[in-house]
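Encoded as structure tokens, the structure appears first; notes follow it.
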Amino acid sequence: MDSIVTTEDTIAAIASAISIGKGGVAIIRVSGKDSINSCKKIVQTKSKYAWESHRVFYGFIKENKQNKFIDEVLILVMKSPNSFTGEDVVELHCHGGIIIVNKVLKRLLSCNSRVRLANPGEFSQRAFLNGKIDLTQAESINQLINASNTRSAELAFSGIQGEIKKKINDIKNDLINQLCEIEARVDFEEDFTDFDYTKYLKKIKKVKEKIELLIENAKRNSYIHNGISIALIGKTNVGKSSLLNLLAKKEKAIVTNIPGTTRDVIEVNLTINDIPMKIIDTAGIRETHEQIESIGIKKSFGKIKESDFIIYIYSLEEGFNEEDKKIIEEIPKDKLITILGNKKDLIDRKNINSNELKNTILMSIKHNDGERLLIDTIIKKCGLKQVENINIFLNERHLTNLSACLSNLNDTDEIIKNKLPFDLLSIELRDGIQNLSKITGQELTEELLDNIFSKFCIGK
């Protein structure tokens, strides 16, 4: 790993979310060797607990002018090494809103030449560099801050508690044990029996299965963090807009009996099983010479390619015909959640033709008949049930390094198959261990580290 030295600067930033007129409290975080002395310059207090570690005390922020204050505050001091960053940390708890907290921050910076505004993610970066957290924990903090739903927040907190590190270290230790045996054989070959390629193959296979499971789970789990897009596709006047309104529980789309009412894409965000979803209502597909409607239909075909999943809707009253078949042929099978036959309330049950396709749901969207079955089908098709037992979230960087490690282990197959000198295995094992170490931050360049933390908010 390249040498990365913690800066000597003391840094400060607003660490709480702020907005005009909202929030009772705003927090300024200061970290570094001058954090306590710099805050002493602007704080006036009579507290007997002032500046003791892990004490909260009351005081005022002094203005330039004598006997004039900017705000009354609570001050929290956490001395090194018992703080988030591992350095001396002071938090100034001001009144909320934008004006006061920015004025206090400006006063702090103007009075102290050795205190500067923190860069994005610099507090977390210092916590990592000072050994308070590993890189997966730092990234999980950022994920928790940006979580868009409850499940995503739960997985992020699991990462903060070190669950990602545990799983990676478990795999890493398996590979280290294999490497130790091989290197011991190289140095003391006469003390060992012949190398058992079959036994080694079985052990490496188990390690590969662990990695493959993590990668597969991570791909399914991406829905939790990023959400799922589902496009409603079908001909005109089959009930796409009505279904959008039903799922959204509000009138988001105009519904009429006039074909071609929806001419542009309408999107609604909702949550099913704690997974964010974007339901997309598209223009009805039909032959038309109307220019604006034609543009909408072109967008509908575009959404078939762009969306994660598709629900195809047709009218039972009109029946499933050749036009419907042609449109469905444009939809990839792995994207099609279901073919939904709507308006079953308008025809005799005996005359319902379910188009003889297996993946079909019959509904009366108008009378909310069949919604539960549709939601259960969405959950099943999108694999949402399968993510319930997954307890960590892996980002793209983690997946890249896991895949690289898996590639290293796959490269040992030829060595084993042809029973080549077993010491060749150590090269791939070392590379695999190095790729796993990159995940937790033990093998990183300064440039990559800066890139990771630059994506954080300034107060973290």
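Only a single item in (1) closer than 30 Å to residue 148 by Cβ; (2) modelled with pLDDT of 70 or more is not met by residue 263, and it is number (2). Residue count for region 177-204, restricted to those that are free of Cβ contacts under 8 Å to residues at least 60 places away in the same chain, more than 13 Å from residue 429 (Cα to Cα) and not in a loop (DSSP other than H, G, I, E, B): 8. Picking from residues in region 335-353 that are modelled with pLDDT under 85 and in a loop (DSSP other than H, G, I, E, B), the one that is surrounded by the fewest Cβ atoms within 10 Å (Cβ to Cβ) is 348.
Taken as a whole, the structure places residue 127 among residues that are part of a helix (DSSP H, G or I), free of Cβ contacts under 8 Å to residues at least 60 places away in the same chain and of a type in the set (A, V, I, L, M). Would you check which residues across region 99-120 are in a helix (DSSP H, G or I) and of a type outside the set (Ser, Thr, Tyr) and list them? Residues satisfying the conditions are 99, 100, 101, 102, 103, 104, 105, 106, 107, 108, 109, 111.
Is region 88-99 home to any residue that is over 21 Å from residue 16 (Cα atoms) and at pLDDT 95 or above? Walk me through it before giving the result.
First, pick out the residues of region 88-99 that are over 21 Å from residue 16 (Cα atoms): none.
Checked against the condition, which is being over 21 Å from residue 16 (Cα atoms) and at pLDDT 95 or above, region 88-99 yields no hits at all.
The residues of region 301-334 that are assigned to a helix (DSSP H, G or I) and among the hydrophobic types (A, V, I, L, M, F, W, C), listed by number, are 301, 304, 327, 328. In the set (1) of a type in the set (Asp, Glu); (2) free of Cβ contacts under 8 Å to residues at least 40 places away in the same chain; (3) crowded, with 22+ Cβ neighbours inside 10 Å, the condition left unmet by residue 139 is number (2).
Select the helices (runs of 4 or more DSSP H) contained entirely in region 394-460, then report the ones holding at least 3 residues which are at pLDDT 80 or above and surrounded by fewer than 21 Cβ atoms within 10 Å (Cβ to Cβ). Explain how you work it out, then say what you get.
Values: elements: 396-410, 412-417, 425-440, 446-453.
Hits in region 394-460: 396-410, 412-417, 425-440.
Among the residues making up region 141-171, a single one is acidic (Asp, Glu) and within 13 Å of the chain's Cα centre (by Cα): 154.
The values are calculated or read from the model by the stated rules, or taken from the named source; none is laboratory data. Computed from a predicted structure; not experimentally measured. FYI the Cβ positions are ideal-geometry reconstructions off the backbone, even for glycines, and counts take in every protein chain you see.
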